[in-house]
Amino acid sequence: MHAEFRTDRGRIRHHNEDNGGVFENKTGDPIVIVADGMGGHRAGDVASEMAVRLLSEAWQETEAFLLTEDIENWLKENIQRVNRQMVEYATENAQDLKGMGTTLVTAVFTRSQVVVANVGDSRGYLLKNGELLQITEDHSLVNELLRKGEISKEAAQNHPRKNILLRALGVEGKVESDTFTLSFSTGDQLLLCSDGLTNMVPEEEMRAILNSKRTLAEKADAFISKANAYGGEDNITVLLLERSIGNKRGNEA
């Protein structure tokens, strides 16, 4: 598996509340994670770092999974466990961490499939046969209005309540994560990203970058540059993966 991880403060924010990386378990199988923190007084930094650290540490203690159902169950159980630990920590440090929370999108691979899990509005996309598929569903107020047909897709792009999340880690004692299992073959590309990318760069341009002749590293750089060129209004994080010979490991933000 070849992976490229990038995170950038953007052009407006004073610090970066995104986090993520690529981490291996005992048998060398990777988990990839992107988290977008929220909360005042740098609490978003704490939330995203904590979510990535706790989930990756749990993964590093696992061995090979034989069934995708086992991976799905592991993700659901451990995302729930991480959420509980975050809520407890925020409660113990309420003065500094009030309002702490984070989105999460993560993926685990088998020989022929990828299992993606998410909470919040950080997204997972799959490029297959040149077509870009959004895997995840945003857990946001605006997406719920869009799903119910109460607003149009165009109205959703600039809705004044676009940043209101219906689910996030570290906010309540229980959180529900979605999981998706898809085939993942040689030539396919997986993109995990925070909304600092998707709010700035249209999907048509994202697809064009992924379909270009650039290297995976150049594509990751292009996403960051494009989001900043369009205003860079939020932190920007991208994690790109493709199945290839060898393994290139990313780094935690």
**Inter-label distance for residue 157 and residue 186, nm, one decimal - labels placed 7 Å from Cα along Cα-to-Cβ** = 3.9 nm
**Item:** Kirkwood Rh in Å, taken over segment 183-235 so that all alpha-carbon pairs contribute
**Value:** 11.6 Å
**Asked** Using the Karplus equation 6.51 cos²θ - 1.76 cosθ + 1.60 (θ = phi - 60°), what ³J(HN,Hα) coupling, rounded to whole Hz, does each residue of segment 110-116 give in order, writing x for Gly and Pro?
**Response** 10, 5, 10, 9, 10, 10, 10
**Prompt:** What ranking do 233-239, 61-67 get when scored by the average of other Cβ atoms within 10 Å per residue, highest first?
**Reply:** 233-239, 61-67
**Request:** Go through 128/153; 26/148; 26/174; 76/98; 153/213 and tell me which ones have a Cα-Cα distance over 32 Å in this structure.
**Result:** 26/148
**Asked** Given charges of +1 on the Cβ of Lys and Arg and -1 on the Cβ of Asp and Glu, with all other atoms neutral, how large is the dipole of segment 1-145 about its Cα centre, in debye to the nearest 20?
**Response** 320 debye
**Request:** Within 10 Å, count the other beta carbons around each residue, average over each peptide in 213-223, 134-144, and list them highest first.
**Result:** 134-144, 213-223
**Message:** Could you compute how fast segment 91-179 diffuses translationally, taking Rh as the Kirkwood radius over C-alpha pairs and applying Stokes-Einstein at 4 °C with viscosity 1.567 mPa s? Give it in µm² per second.
**Reply:** 87 µm²/s
**Asked** Largest first, what is the accessible-area ranking of 6, 161, 11 with a 1.4 Å probe?
**Response** 11, 161, 6
**Item:** Fraction of accessible area attributable to carbon and sulfur, the chain (%, probe 1.4 Å)
**Value:** 46 percent
**Asked** Rounded to the nearest 500 deg cm²/dmol, what is the calculated helix-only ellipticity per residue at 222 nm for the chain, with -39500 (n - 2.57) per DSSP H run of length n ≥ 4?
**Response** -10000 deg cm²/dmol
**Item:** Spin-label model distance (nm) - residue 147 vs residue 174, 7 Å beyond Cα toward Cβ
**Value:** 1.8 nm
**Per residue convex hull volume, Cα atoms of segment 93-141, in Å³** = 92 Å³
**Prompt:** In square angstrom, what is the accessible area per residue of the chain with a 1.4 angstrom probe?
**Reply:** 47 Å²
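About the Cα centre, and with charges only on the beta carbon of Lys, Arg (+1) and Asp, Glu (-1), how big is the dipole of the chain? Nearest 20 debye, please.
That gives the chain a dipole magnitude of about 440 debye.
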**Normalised alpha carbon radius of gyration of segment 1-76 [divisor 2.2 N^0.38 Å]** = 1.27
**Request:** Let me have the relative contact order for segment 99-177, percent, based on Cα pairs under 8 Å that are six or more residues apart.
**Result:** 31 percent
**Message:** Can you give me the distance in nm between label points at residue 129 and residue 26, each placed 7 Å from the Cα along the Cα-to-Cβ direction?
**Reply:** 4.0 nm
**Convex hull of Cα atoms in segment 133-205, direction-averaged projection (nm²)** = 6.6 nm²
**Residue (of 67, 91, 34) at the positive-pole extreme of segment 18-91, dipole from beta-carbon charges** = 91
**Convex hull of the chain built on C-alpha atoms - directionally averaged projected area, nm²** = 12.9 nm²
**Asked** For segment 58-143, which trypsin sites (Lys or Arg not before Pro) are both in a DSSP coil and crowded by at most 16 other Cβ atoms within 10 Å?
**Response** 98, 111
**Karplus-derived HN-Hα couplings along segment 3-17 (A = 6.51, B = -1.76, C = 1.60, θ = phi - 60°), whole Hz, x at Gly and Pro** = 10, 9, 10, 9, 9, 9, 5, x, 9, 10, 5, 7, 8, 9, 9
**Prompt:** By Kyte-Doolittle mean hydropathy of at least 0.0 and Cα axial length of at least 15 Å, which whole DSSP H helices of the chain are selected?
**Reply:** 43-60, 216-229
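The values are calculated or read from the model by the stated rules, or taken from the named source; none is laboratory data. As the structure is a computational prediction, the values presented were derived from the model and not from experiment. Glycine gets a Cβ as well: all are built from the backbone with ideal geometry, and neighbour counts include every protein chain shown. With ligands, DNA and RNA removed, areas are computed over all heavy atoms of the protein, side chains included. Shrake-Rupley method; radii C 1.70, N 1.55, O 1.52, S 1.80 Å.
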